[in-house]
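Here's the structure we're looking at; comments come further down.
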2 protein chains.
Amino acid sequence: MYGSETTTPMSAEAEAYEYILGKIRRGELRPGMRLKSEDVASEIGMSRMPVREAFGRLYQLGILTLRANRGAVVTEFTPEQLMEVFEIRSVLEGLAMRRATIHATDKDIEELHDLLERMRRVEEDVEQWLTRHTDFHKAIARLSKAQRLAGDIEKTQLLLEIYMRLWVLHAEKPVDLTGDHLRLIEAIAAGNPGEAEAVMRDHVLNTAPAVVEFLSKHNAFG
Amino acid sequence: MYGSETTTPMSAEAEAYEYILGKIRRGELRPGMRLKSEDVASEIGMSRMPVREAFGRLYQLGILTLRANRGAVVTEFTPEQLMEVFEIRSVLEGLAMRRATIHATDKDIEELHDLLERMRRVEEDVEQWLTRHTDFHKAIARLSKAQRLAGDIEKTQLLLEIYMRLWVLHAEKPVDLTGDHLRLIEAIAAGNPGEAEAVMRDHVLNTAPAVVEFLSKHNAFG
DNA sequence: TCTTCTACATGTGCATCCAAATATCCATTC
DNA sequence: GAATGGATATTTGGATGCACATGTAGAAGA
């Protein structure tokens, strides 16, 4: 098994994008670090052009900051800015919940229970847990039957996941995570859109302070 | 006065971006139309490279659809998809309202009244009215003191403005627009964040059906 | 006449190359 | 010794060229 080898013929731009994002995810590139298009290009054996385009995409996501003629820097978020992203995510996922409540079938709810169970099973393995946690939220986003909304949610998750990883890695999980997620499923099953939206908003905003506080203490921002 | 001539030295990419967006805004490029990078490049006298990057940005916004090796097409929205964008906008602007309520000073509220008055004065001139309407909403977004949120709101507005223009141009405005906006200011002044959020969400979702319905009837979608 | 195969045309994605903008370093001056 | 000015080095933004993928039209065969 060759793992994530050329399964799909990826474009050079996509390759550069994944490469940079991976480095940031793994903490090899930390906020504030500078990034030269030429370096990245030679590291993965391509010209600067596709790297440039990947920079552009990561800039749109807010992950990189672009300064004219002076290259790209991994964005540093202040605690306030990070909190802001959590707030945006809370309303977007709240909307997704509202819609999911309307569209979800019994089978969908069963599948959510399955996903939660899969999360529970790897509670000790942080990496695995994070992946499955993201999957769980993605599943709800998909139930909203709103592609663009799901895409927007994925974009904010992409950003927050980077910081969530640092948090879950270095702090013990103080919040009752499984219970919180169970409540989300129950809210969907209950079938009240307004109530379900509120539950999701609370869920997202409840975890936010812990992450933000932890990271500002361990000055992961500078 | 040279109008909008090289006031700021714009990058070629930004120029291409504005050019394409302008054409779409003015209805010269309608949904479904194909766009060749070479054509655009020669029209405004630059190479295909910056045009390519502008395509990428417009794709991120959902305004263009990119098919591998087969160029760019102005995205066609189904009524459902357009409604979805309205919903996203409603929750984002709702959040902005919530935050604006907390941060707004008396002076800020006065300025909002000024902006509303400026809107009222050009009610007959559709183009002007739209611009000032967008300005009004932008002002509230700015009061949220949340840069990223304001940026995300601007992105959805960019998209909806295209369709709002068609609507306001060809339909008589059936909704009481000034009154609705006055209610927004009052909600901010009242100082109840939850209430203010609800008012904004209703405001956005109230105008949505009229726009969506009008456009699906006049098959502006394809 | 209708289908299929092949040659040709078009247009994209990426590499290479060039010029302009910014940063760095050193010499000169006060 | 600090500051200022200019030469040099980096590095980006954009232009051009090329190869490959996709679309199209005409020829050959049924």
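Only one of the numbered conditions (1) closer than 23 Å to B:Glu213 by Cα; (2) more than 10 Å from chain A (Cβ to nearest Cβ); (3) surrounded by fewer than 18 Cβ atoms within 10 Å (Cβ to Cβ) is not met by B:Gln81, and that is (2).
For (1) of a type in the set (A, V, I, L, M, F, W, C); (2) within 16 Å of DNA strand C (Cβ to nearest atom); (3) free of Cβ contacts under 8 Å to residues at least 24 places away in the same chain, each residue gets a yes or a no:
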{"site": "A:Ile63", "(1), (2), (3)": "yes, no, no"}
{"site": "A:Ala72", "(1), (2), (3)": "yes, yes, no"}
{"site": "A:Phe77", "(1), (2), (3)": "yes, no, no"}
{"site": "A:Leu95", "(1), (2), (3)": "yes, no, no"}
{"site": "A:Arg99", "(1), (2), (3)": "no, no, no"}
{"site": "A:Leu112", "(1), (2), (3)": "yes, no, no"}
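Among residues of the stretch B:15-39 that are more than 13 Å from B:Thr65 (Cα to Cα) and assigned to a helix (DSSP H, G or I), those with a Cβ under 9 angstrom from a residue that is of a type in the set (Asp, Glu) and more than 16 Å from DNA strand D (Cβ to nearest atom), sequence gap 6+ or separate chain, pair up as B:Gly22/B:Glu28; B:Arg25/B:Glu161. The set of residues from the stretch B:25-43 being within 10 Å of DNA strand D (Cβ to nearest atom) and either among the hydroxyl-bearing types (Ser, Thr, Tyr) or under 26 Å from B:Leu160 (Cβ atoms) (or both) comprises B:Ser37, B:Ser42. Of the helices (runs of 4 or more DSSP H) lying entirely inside the stretch A:55-162, those containing at least 3 residues that are in contact with a helix residue (DSSP H, G or I) (Cβ under 7 Å, 6 or more places away or on another chain) and within 25 Å of A:Lys23 (Cβ to Cβ) are A:79-103, A:126-143.
For A:Gln60, the conditions (1) within 9 Å of another protein chain (Cβ to nearest Cβ); (2) under 19 Å from A:Ile162 (Cα atoms); (3) crowded, with 19+ Cβ neighbours inside 10 Å are fulfilled apart from (3).
Of the listed requirements (1) within 16 Å of DNA strand D (Cβ to nearest atom); (2) at pLDDT 95 or above, A:Arg48 misses just one: (2). Being acidic (Asp, Glu) and in contact with a Gly (Cβ under 9 Å, 6 or more places away or on another chain) is a condition met by at least one residue of the stretch A:176-199.
The values are calculated or read from the model by the stated rules, or taken from the named source; none is laboratory data. Note that this is a predicted model, so its numbers are computed, not measured. No Cβ is skipped: glycine too gets one built from the backbone with ideal geometry, and neighbour counts run over all protein chains shown.
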